[in-house]
1. Quickly run through the range A:253-272 and pick out the residues that are aliphatic (A, V, I, L, M) and either surrounded by 16 or more Cβ atoms within 10 Å (Cβ to Cβ) or not in a strand (DSSP E or B) (or both).
2. Testing A:E175 on (1) in contact (Cβ under 8 Å) with a residue 60 or more places away in the chain; (2) surrounded by fewer than 18 Cβ atoms within 10 Å (Cβ to Cβ); (3) on the phi < 0 side of the Ramachandran plot, one condition comes back false. Which one is that?
3. Please go through (1) under 24 Å from A:L254 (Cα atoms); (2) at pLDDT 80 or above; (3) surrounded by 20 or more Cβ atoms within 10 Å (Cβ to Cβ) for A:P133 and return the number of the only condition it doesn't satisfy.
4. Take the range A:7-49 and flag every residue that is part of a loop (DSSP other than H, G, I, E, B), surrounded by 15 or more Cβ atoms within 10 Å (Cβ to Cβ) and at pLDDT 65 or above.
5. Output the residues belonging to the range B:143-158 that are within 22 Å of B:W69 (Cβ to Cβ) and either outside any helix (DSSP H, G or I) or not basic (K, R) (or both).
6. Checking the condition in a helix (DSSP H, G or I), in contact (Cβ under 8 Å) with a residue 40 or more places away in the chain and not aliphatic (A, V, I, L, M), which residue from A:E239, A:E227 passes?
7. Please specify each residue of the range A:297-324 satisfying the condition of being within 12 Å of another protein chain (Cβ to nearest Cβ) and either part of a strand (DSSP E or B) or of a type in the set (D, E, K, R) (or both).
8. Would you say A:E278 is in contact (Cβ under 8 Å) with a residue 12 or more places away in the chain and more than 17 Å from A:T195 (Cβ to Cβ)?
Amino acid sequence: MASEPNLDALRGQPDQEFADRLRARLRQQPRGRTRPARGVLTKLAAGVAVAAGIGFALTIPTVRAKASSFLALFREVSFVAVPVSPGEVERVNGLDLEHLIGDRVQVLEQNASVDVTSREQASQASGFTVVLPTVLPEGAVQTAMSVGGRNVARITADTTRLKQVLGALGLSDLEVPDELDGETAMITVSPMVLTGYEQGERKASFIQGPMPEVLMPAGVDLAQLGEIGLRVLGMPADEARTFAKSVDWRTTFLVPVPPMATRFRQTLVGASRGIVIEGPIRDPETKAEKGNWNLLLWSQSGRVYGIRSTMRLSDVMAMANSLQ
Amino acid sequence: MPGRIVRWISREEINWDEVYAEQLPRVFNFFRYRCGNVADAEDLTSITFEKAWRGRDRYRRDKGAFSTWLYTIARNAAVDHYRARAPVVPLDEAALVATLAATPEDQTAGRSDAARLAVLLQTLSDRDRDLIALKYGAEMSNRDIAHATGLSESNVGTILHRAVQALREKW
């Protein structure tokens, strides 16, 4: 052995010209919240397609439903929090959904979000009367407002692919009826208004808008669909079956509670029931705790509202209760 | 739809200028150790950052540190790189590799430490080189390497120890 190997020998700074060139190239690409609508919708649609597709089970043999006979779901909702384990998150995220079912998702309409400067502009762009909190935490100011675009997608069920998804998720005990092949579901995401607030380093995003609509062929067994959704989220088979039969799936909105959350509970915003999910903010590198985040979701009069923030929860509740 | 809510609440507010300044040298060095030559390291660094930039909405902080996510992309880029091409060794190092197996100590004498290390790294297994690149190129802790690779921390330590031992014997 001549000497100790110099294991740091290859380390050095990249060429400055290379670094500048790459930075410039990245900057030429779009960034910010006006990300391409297709990406948003495709992912959304793909997610729904998995839940809907693998849960499709037609209780009547005739599946040639006309548009007029479609069911409209999620017009009024209650939120149900479902804890998701890190393992389930890994499994679902590990699926290449776009590859598996991306070509079965047809984007019929896509519109990018636009920045607006006033409530009136937001109301005009969104098509509904926008409400805003009249009470803000001390020192907090509104910093941004934007209106998301309307997006519509059609998903066509492909039983072969859906079985692959089930298999990949380890849920091969769930059967996909062959009659599903070629059936379609329609998803419409109406414009949502997003308002940003800052209180020093603390931030809040307030989102409001109509509930997304999912139109499915008449005869879909919603309980079975819900059961599949719950299983995908990691609920044990028996529990998922019992729970799925006990709720009205036309009005129930599952909210997965991510592993990073430390607690969740039901709450009231005015007379409306909602849920609160809370968790710590960790430094991405050191993972040291540097504060808390919270998410408040509630529904009222056919609209859904949400505040995601790093502000104090009491301040967030005060904001939510002061909407006008 | 619930998935969208999860993405919404878990979206990381990333300061990309900060990320770029901090991680560019580390990612570049990861590829220097992984692939050996500067040209490949620059190409793969570009691919990594472009993929991260395009897929920034897929980053989920509940899945771990941002660097872990970034190095997942980097490691996949390295795998794709090796899959796409037959092993290529730069000409000036090819002769060295050819003679290395016979008398490494003598033959590498006089070369710069960087060139020697680049050549010796090519003699390691793919997994060992990957871990060495994460440790000495990206300057990650054993714990972070364990998170990034799915190996246990003690396993990472053992593999690195053996890999360094192998390099020491050939140095």
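1. Selection gives A:L254, A:V255, A:V257, A:M260, A:A261, A:V269, A:A271.
2. Failed condition: (1).
3. If we test A:P133 against (1) under 24 Å from A:L254 (Cα atoms); (2) at pLDDT 80 or above; (3) surrounded by 20 or more Cβ atoms within 10 Å (Cβ to Cβ), just (1) comes out false.
4. Result: A:L7, A:A9, A:L10, A:R11, A:P14.
5. B:D144, B:I145, B:A146, B:H147, B:A148, B:T149, B:G150, B:L151, B:S152, B:E153, B:N155, B:V156
6. On the way: A:E239 fails: in contact (Cβ under 8 Å) with a residue 40 or more places away in the chain.
Step by step, each of A:E239, A:E227 is checked, and only A:E227 is in a helix (DSSP H, G or I), in contact (Cβ under 8 Å) with a residue 40 or more places away in the chain and not aliphatic (A, V, I, L, M).
7. Of everything in the range A:297-324, those that are within 12 Å of another protein chain (Cβ to nearest Cβ) and either part of a strand (DSSP E or B) or of a type in the set (D, E, K, R) (or both) turn out to be A:L297, A:V304, A:G306, A:I307, A:R308, A:S309.
8. Working: in contact (Cβ under 8 Å) with a residue 12 or more places away in the chain: yes; more than 17 Å from A:T195 (Cβ to Cβ): yes.
When the stated conditions are applied, A:E278 passes them.
The values are calculated or read from the model by the stated rules, or taken from the named source; none is laboratory data. From a predicted model like this one, the values you see are computed outputs, not experimental measurements. In this analysis, Cβ positions are derived from the backbone assuming ideal geometry, glycine residues included, and neighbour counts consider all displayed protein chains.
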